Ligand code: MV4
């Protein structure tokens, strides 16, 4: 087993990996940029090395600097986390050349899955069902028109090098195709330096369901069940759950066996995820393979009892999987909320700044993977994901009620977060009835939020809100309970002193 691992990442995922290292008796080495000097991953690691300025190209994306730290620290392996260099085949190759083990798949497997058209050709050979369309880049607009007419509208134009919805266009008619073709190509060129686009038939209001796989370096591949990831906003996942409410045992086995076939066709090792689109008849189609540990891996860990990061490290160290497919069982239900530093009342605008007060939930069935602490300054230079709040229960209802309870305990002061959005989602009748597809979140956001009466409709509401905010700033969240306590004779003394404290706080301003 490795004695020392370098974590080439930051934030909650770096903390997650450091924890796994410590559980396994491995020394954890952090790297950090100038704006991350005081970040949580630096504090939790055994050693930490500065690697450059805030710009990712100068730090977390800088292959030479990271390999230099690996050499200086004596780290035998590198865990890339997600994002940054995690799916960079050049980095995996550079690690191999430097004699450092990359904790993930081989560069060749990443290459095979990096281009969507290449991946579709491989799936065609492997007999895996994929969305109807072309498996080669389009050569001209005329060819695009011909193929689209053949498949039938609506169609999707997608960038071969794509991801995150960039270079993707939904096209409803031949007229629309003309401008969509040019704009998709130039967007792909700008985003990926590669203008190759291809056509897929558009699946109307699909679900996004993905299958976790794990493969050792001795030819054993298993699947660990699916995650339902249909709740997205602008191609950013917002909430994920396992198992999917629409997948039964038979469908899970068919999707799982397909995912294993995909992984084997790519010569895949370590942890990976096979993404599927699922239509209303529950037909599933291969979409792409993610060659990394994913943000939402905890929901799979909770329902399988398997620690994915431990196993990634064991696999990279050359150990064979100690269990087989029959040993994997799904028990209970898990759901993850991605807590972002963004303002849901202002078009999800990013909200960096200092965290002045942090009240973090815990309790039965709650897991919190977080990269923040009270007093920390959230930098504006990176992805705004602050933490993940994950609820577990014996069934979906219990997971939801535990999450709702935990969300009501969660308070992050000083910056805006999307915590209130999750309170809304989790009480929504459609969500509770599992009616979640690609369009759910947009529908919810168009509705009026009934729990937040509009101040403009009630002339007194704004004044009351200002007074409440002032009290809250002085007293902290204890102020929120004042009304409750006033009705309860036993705590009246304490309530009275809270009011006194508020008055004193005001006098000191
Ligand atoms: C699609 C699609 C419909 N038809 N492909 C791909 C990237 C991912 N972020 C969303 N993608 C989609 N690809 C075809 N052929 C619809 C989406 C899609 C989506 C899918 C599932 C859940 C939410 C979604 C939100 C927007 C777009």
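The values are calculated or read from the model by the stated rules, or taken from the named source; none is laboratory data. Worth saying up front: this structure is predicted, and the values here are computed from it rather than measured. Cβ sites come from the backbone with ideal geometry, for glycine too, and all protein chains shown count toward neighbours.
Tell me which residues, restricted to segment 425-440, are assigned to a helix (DSSP H, G or I) and surrounded by fewer than 18 Cβ atoms within 10 Å (Cβ to Cβ). Correct list: 427, 429, 430, 432. Restrict the check to segment 118-133 and report whether at least one residue is buried (at least 16 other Cβ atoms within 10 Å of the Cβ), closer than 24 Å to residue 191 by Cα, in contact with a helix residue (DSSP H, G or I) (Cβ under 8 Å, 6 or more places away or on another chain) and in contact (Cβ under 8 Å) with a residue 60 or more places away in the chain. Within segment 118-133, one or more residues are buried (at least 16 other Cβ atoms within 10 Å of the Cβ), closer than 24 Å to residue 191 by Cα, in contact with a helix residue (DSSP H, G or I) (Cβ under 8 Å, 6 or more places away or on another chain) and in contact (Cβ under 8 Å) with a residue 60 or more places away in the chain. Collect the residues in segment 208-243 that are within 12 Å of the ligand (Cβ to nearest atom) and over 28 Å from residue 343 (Cβ atoms), keeping them in residue-number order. Answer for segment 208-243, where residues must be within 12 Å of the ligand (Cβ to nearest atom) and over 28 Å from residue 343 (Cβ atoms): 209, 210. Residues in segment 378-408 that are surrounded by 14 or more Cβ atoms within 10 Å (Cβ to Cβ) and out of contact with any helix residue (DSSP H, G or I) (no Cβ under 8 Å at 6 or more places or on another chain): 378, 384, 396, 398, 399, 401, 402, 405, 406. Among the residues making up segment 244-267, a single one is within 14 Å of the ligand (Cβ to nearest atom) and under 20 Å from residue 306 (Cα atoms): 244. Any idea which residue in segment 1-27 is surrounded by the most Cβ atoms within 10 Å (Cβ to Cβ), counting only those that are over 23 Å from residue 299 (Cα atoms) and out of contact with any strand residue (DSSP E or B) (no Cβ under 7 Å at 6 or more places or on another chain)? Checked segment 1-27; the qualifying residue surrounded by the most Cβ atoms within 10 Å (Cβ to Cβ) is 1. Taking the listed residues 263, 271, the one that is in a helix (DSSP H, G or I) and buried (at least 22 other Cβ atoms within 10 Å of the Cβ) is 263, with no other qualifying.
Within segment 265-290, the set of residues being touching a helix residue (DSSP H, G or I) at 6+ places or on another chain (Cβ under 8 Å) and more than 23 Å from residue 390 (Cβ to Cβ) comprises 265, 266, 267, 268, 269, 282, 284, 286, 288, 289.
Pairs meeting the criteria (first residue in segment 183-202 and over 12 Å from residue 157 (Cβ atoms), second residue modelled with pLDDT under 90 and surrounded by fewer than 19 Cβ atoms within 10 Å (Cβ to Cβ), beta carbons under 7 Å, at least 6 apart or on different chains) are 191/166. Restricting attention to segment 51-81, the residues being touching a residue at least 24 places away in the same chain (Cβ under 8 Å), in a loop (DSSP other than H, G, I, E, B) and out of contact with any helix residue (DSSP H, G or I) (no Cβ under 6 Å at 6 or more places or on another chain) number 8. Tally the residues that are under 23 Å from the mean Cα position of the chain (by Cα) and crowded, with 20+ Cβ neighbours inside 10 Å, restricting the search to segment 29-41. Final tally of qualifying residues: 8.
Among the criteria (1) farther than 21 Å from residue 242 by Cβ; (2) in contact with a strand residue (DSSP E or B) (Cβ under 6 Å, 6 or more places away or on another chain); (3) in contact (Cβ under 8 Å) with a residue 60 or more places away in the chain, the one residue 382 does not fulfil is (2). When both residues are 6+ apart or on different chains and their Cβ atoms are under 7 Å apart, which pairs have a first residue that lies in segment 232-256 and is on the phi < 0 side of the Ramachandran plot, and a second that is within 13 Å of the ligand (Cβ to nearest atom) and in a helix (DSSP H, G or I)? That search, which allows pairs on different chains as well, returns 232/441; 233/441; 238/441. Put simply, of 294, 281 the only residue that is within 16 Å of the ligand (Cβ to nearest atom) and either in a strand (DSSP E or B) or within 16 Å of the chain's Cα centre (by Cα) (or both) is 294. Under the condition of being near the ligand (Cβ under 10 Å from one of its atoms) and modelled with pLDDT under 95, the residues counted in segment 182-199 number 0. Here is the figure for segment 28-47: residues that are touching a strand residue (DSSP E or B) at 6+ places or on another chain (Cβ under 7 Å) and closer than 23 Å to residue 292 by Cβ total 10.
In summary, residue 104 fulfils each of the numbered conditions (1) more than 15 Å from the ligand (Cβ to nearest atom); (2) in a loop (DSSP other than H, G, I, E, B); (3) at pLDDT below 95 with the single exception of condition (3).
The number of residues in segment 139-172 that are within 16 Å of the ligand (Cβ to nearest atom), more than 31 Å from the chain's Cα centre (by Cα) and farther than 11 Å from residue 202 by Cα comes to 3. Collect the residues in segment 121-138 that are part of a loop (DSSP other than H, G, I, E, B), within 27 Å of residue 264 (Cβ to Cβ) and either out of contact with any strand residue (DSSP E or B) (no Cβ under 8 Å at 6 or more places or on another chain) or away from the ligand (no atom under 11 Å from the Cβ) (or both), keeping them in residue-number order. Within segment 121-138, 127, 128, 129, 134, 135, 136, 137 qualify.
Residue-wise test of (1) farther than 26 Å from residue 32 by Cα; (2) assigned to a helix (DSSP H, G or I).
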residue: 369; (1), (2): no, no
residue: 372; (1), (2): no, no
residue: 381; (1), (2): no, no
residue: 388; (1), (2): no, no
residue: 391; (1), (2): yes, no
residue: 402; (1), (2): yes, yes
residue: 405; (1), (2): yes, yes
